[in-house]
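Q: Structure incoming, see below.
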Amino acid sequence: MVTTANNIIFELKQVNFFYGSTQALTDISMDFEKNRVTALIGPSGCGKSTLLRLLNRMNDLIDGTRVEGEILFEGRNIYNADNDPVEIRRRIGMVFQKPNPFPKSIFNNITYGPRLTGTRNRADLELLVEQSLKQAVLWDEVKDILNKSAMTLSGGQQQRLCIARALAMKPDVLLMDEPTSALDPISTAKIEDLIEELKKNYTIIIVTHNMQQAARVSEMTGFFYLGRLIEYALTTDIFTNPQVKQTEDYITGRFG
Amino acid sequence: MTKEERKHTSARYDQELAEIKEKLIYLGALTEKAIEKSIQSLLGRDSDLARAVITEDNQIDLLDVEIEEKCIRLLALRQPAARDLRFITTAIKINGHLERIGDMAANIAEKAILLNEMPQLKPYIDIPRMAEIARGMIRNSLDAFVQEDIDVANKVRIEDEKIDQLNDQIFRELLTFMLEDPRKIHASLLIMQVSKSLERISDHAEGIADMVIYMVTGKIVRHEAP
């Protein structure tokens, strides 16, 4: 591995995960570096989204699931009983496949989370809205229509709004689950540029089915197959010279 | 692709890759033939044959363009990765090397036409030897490409040294001719250019072998001694 110990934000140690009696992840050990973009790739059902959802305890919401092993976030196991999942999800934000804005104004979409966690001052909220929308490169497009419903935005704009909404919670990590799969190429390119911009301040972990996207945006890539981490290396190495045959077969389109 | 290779989900993709490979092999055969004929035109003092080599270079050029277009098209449409990406970058480079080899054969033919108009300076001994080694290098480098065989590729890289030595030897010999008799300078210089062209051909064959090593291992060895 090409990581340095002090730069690691997530450390996974022999993680197993079960949906009921079905094992979805087997013996996953890997580190994620701070302020890096890491891509998780693999065919459908390989466990990559499950792993992503483990990182902010989203799988807790599903009955009958079980985690074994350790998932350390800044050195602390996020599955310790004394950790508050809500606080974990504030620090580790998530953006989903389909844009899912609240049926509220653009302004209220951004301020919904911060209000819940205690930010009430109007001036503070306005500043937060502007900052978050600017970070998500949406500000110029919506600054004059902040009170309009978020549902009037295009799909690409809605997705950037969802990213802005996640950023408003001032997270450390952004988990992205196929964030552009429902978007057209132009919106996709905007989100990819945004990822490049965001990695200066955030750690980003992205699940994608679009291999070129993984190649473009990430620095590290992990390839999953049947619930196992098959290969984890620098993205350039994975895409030009992977060391494991299964990885090569998958990324060159020889799978199946 | 090689024997035990898994197929792409898209069969058309496999066909496209195979087509590029076949065209390259054919181009290799054409260039090898061009060298053989150009040397024959010199040894046999056959200027008609030399002119044919020059005309036929056009065919090599057309094939060069065709292969390059196929490669570019595949890059654009398939976005190849990993071994496919290394294959296609290798194919583009091999194509360039072969096209230049064709040019070198035409250069030799041009010099042959001029030399054939003069009395023969000396019997040609080292030139045909060089040509034989150079042709063998092209053939072996393309075999290495087809078989994905880095041992064969490495042998090609070593062969290049023999050519360099022969080139130096020819140069020294011709230098003594020129010192002895200034009337021999023109013919000597032409022969030197022939020798230089053969030396370049072997460099291109070595370039092909370097790319085969890259294709198989992912390592760029071009600037490393064999």
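Please treat every number below as a calculation from the coordinates, not as lab data. Only a predicted model underlies this, so the values are computations on that prediction, with no experimental measurement involved. Reconstructed Cβ throughout: ideal geometry from the backbone, glycine too, with neighbour counts over all protein chains shown.
Q: Quick one: in chain A, what % of C-alpha pairs are over 32 Å apart?
A: Percentage above 32 Å: 22.
Q: Which FRET efficiency, nearest 0.05, do A:D27 and A:D193 yield, Cβ-Cβ r, R0 41 Å?
A: It comes out at approximately 0.70.
Q: Please work out the Kirkwood hydrodynamic radius for the protein assembly as shown, using every pair of different C-alpha atoms, and report it in angstroms with one decimal place.
A: The Cα-based Kirkwood calculation yields 26.7 Å.
Q: Sticking with this one: Quick check: net charge around B:H204, other residues with Cβ under 15 Å of its Cβ, Lys/Arg +1 and Asp/Glu -1?
A: Spelling it out: positives minus negatives among the neighbours equals -4.
Q: Further, regarding this structure: With 10 Å bins from zero, work out the P(r) of the range A:200-256 over every alpha carbon pair and list the percent per bin.
A: Pairs per bin, as whole percents: 22, 59, 16, 3.
Q: Quick one: helix A:122-135 against the long Cα principal axis of chain A, what's the angle to the nearest 10°, folded into 0 to 90?
A: It works out to around 50 degrees.
Q: Here's something else I'd like to know. What are the semi-axes of the equivalent ellipsoid for the range B:1-50, taken as the square roots of 5 times the Cα gyration tensor eigenvalues, largest first, in whole Å?
A: In descending order, the three semi-axes are 39, 10, 4 Å.
Q: Enter the mean projected area of the convex hull around the alpha-carbon atoms of chain B, in nm², rounded to one decimal.
A: Over all viewing directions, chain B projects a mean Cα-hull area of 12.6 nm².
Q: State whether the range A:11-98 is rounded, prolate or oblate according to the following rule on the C-alpha gyration tensor (a ≥ b ≥ c being the square roots of its eigenvalues): a/c under 1.5 gives rounded; otherwise a/b larger than b/c gives prolate, and the remaining case gives oblate.
A: In terms of gyration-tensor shape, rounded.
Q: I've got another one for you. Would you please give the FRET efficiency between B:R172 and A:F96, computed as 1/(1 + (r/R0)^6) with r the Cβ-Cβ distance and R0 = 60 Å, to the nearest 0.05?
A: According to the calculation, E is roughly 0.20.
Q: Over chain B, what is the relative contact order in percent, taking alpha-carbon pairs closer than 8 angstrom and at least six residues apart?
A: For chain B, the relative contact order is 25 percent.
Q: Next up: Pick from B:T55, B:T90, B:T176: which is most flexible by mean-square fluctuation in a GNM of chain B where alpha carbon atoms under 10 Å apart are linked?
A: B:T176
Q: Now a separate question. Starting from the 7 Å offset along Cα-to-Cβ, what nm value, one decimal, do you get for the label separation of A:Q243 and B:L43?
A: Label at A:Q243, label at B:L43, 5.1 nm between them.
Q: Which residue fluctuates the most in chain B, going by a Gaussian network model with Cα springs under 10 Å, if the choices are B:M137, B:M118, B:M211?
A: B:M118
Q: Can you list the residues of the range A:100-121 with backbone N under 11 Å from a point 7 Å past the Cα of A:K148, pointing along Cα to Cβ?
A: Answer for this model: A:106.
Q: Moving on to the next point. Using only atoms on other chains, find how many Cβ atoms lie within 10 Å of each Cβ of peptide B:76-83 and report the average.
A: Shielding by partners across B:76-83 averages 6.
Q: Cut-off 19 Å, label point 7 angstrom out along Cα-to-Cβ of B:E36: give me the residues of the range B:187-226 whose amide nitrogen falls inside.
A: B:198, B:201-202, B:205
Q: When chain A is treated as a GNM, springs tying every alpha-carbon pair under 10 Å, which of A:D124, A:D27, A:D63 comes out with the largest mean-square fluctuation?
A: The residue with the greatest mean-square fluctuation here is A:D63.
Q: Would you mind calculating the gained length between B:Q120 and B:E161 on full extension (0.36 nm times residue separation, minus the Cα-Cα distance), in nm to one decimal?
A: Here the answer is 11.9 nm.
Q: To the nearest whole percent, what portion of all C-alpha pairs in the range A:91-186 is separated by more than 21 angstrom?
A: So the pairs more than 21 Å apart make up 25 percent of the total in the range A:91-186.
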